[in-house]
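A.B. asks: First, the structure itself, so that you have it in front of you.
The values are calculated or read from the model by the stated rules, or taken from the named source; none is laboratory data. In this text, all values refer to a predicted model and were calculated from it rather than measured experimentally. Cβ placement follows ideal geometry from the backbone for every residue including glycine, while neighbour counts extend to all protein chains displayed.
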Amino acid sequence: MTAIALFGGSFNPPHVAHQMVALFVLETAPVDELWITPTYRHAFSKQLVDYEHRIAMCELMALGDGVDDIILPHCRERATPVARLC
């Protein structure tokens, strides 16, 4: 069975601390994949950049890590076997 860690947040924008958390989890926790899941709407009505744009920024962040265990589940139906990102 695949062990999956979920990493949710507004990612408005995703930044180096998000990358550090993602890599730390993959290196120290017994998980096979880390799924990044941007929130659609902020819990306290904070203004956010467009949802699709934040997903695109998360993709760039994940691809920049060079790690293929970071997945954006919103894009799984279009996933490729190489990077598993849209």
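A.B. asks: Check off (1) part of a strand (DSSP E or B); (2) exposed (fewer than 10 other Cβ atoms within 10 Å of the Cβ) for T2 and give me the number that stays unchecked.
C.D. replies: (1)
A.B. asks: Hey, another quick one. Tell me, which residue of the stretch 6-34 that is among the β-branched types (V, I, T) and surrounded by 11 or more Cβ atoms within 10 Å (Cβ to Cβ) is nearest to the chain's Cα centre (by Cα)?
C.D. replies: Residues of the stretch 6-34 that are among the β-branched types (V, I, T), as a first pass: 16, 21, 25, 28, 31.
Right, trim to surrounded by 11 or more Cβ atoms within 10 Å (Cβ to Cβ) and you get 21, 25, 31.
Working: V21: 11, V25: 12, V31: 14 Å.
It comes out as V21.
This table checks each residue for (1) loosely packed, with under 12 Cβ neighbours inside 10 Å; (2) over 23 Å from A3 (Cβ atoms); (3) of a type in the set (D, E); (4) at pLDDT below 65.
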site: I36; (1), (2), (3), (4): no, no, no, no
site: R41; (1), (2), (3), (4): yes, yes, no, no
site: L48; (1), (2), (3), (4): no, yes, no, no
site: Y51; (1), (2), (3), (4): no, yes, no, no
site: C58; (1), (2), (3), (4): no, no, no, no
site: G66; (1), (2), (3), (4): yes, no, no, yes
site: E77; (1), (2), (3), (4): yes, no, yes, yes
site: P81; (1), (2), (3), (4): yes, no, no, yes
site: R84; (1), (2), (3), (4): no, no, no, yes
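A.B. asks: What's the number of the condition V25 fails, among (1) out of contact with any Cys (no Cβ under 7 Å at 6 or more places or on another chain); (2) under 15 Å from P73 (Cβ atoms)?
C.D. replies: Evaluating V25 over (1) out of contact with any Cys (no Cβ under 7 Å at 6 or more places or on another chain); (2) under 15 Å from P73 (Cβ atoms) leaves (2) as the failure.
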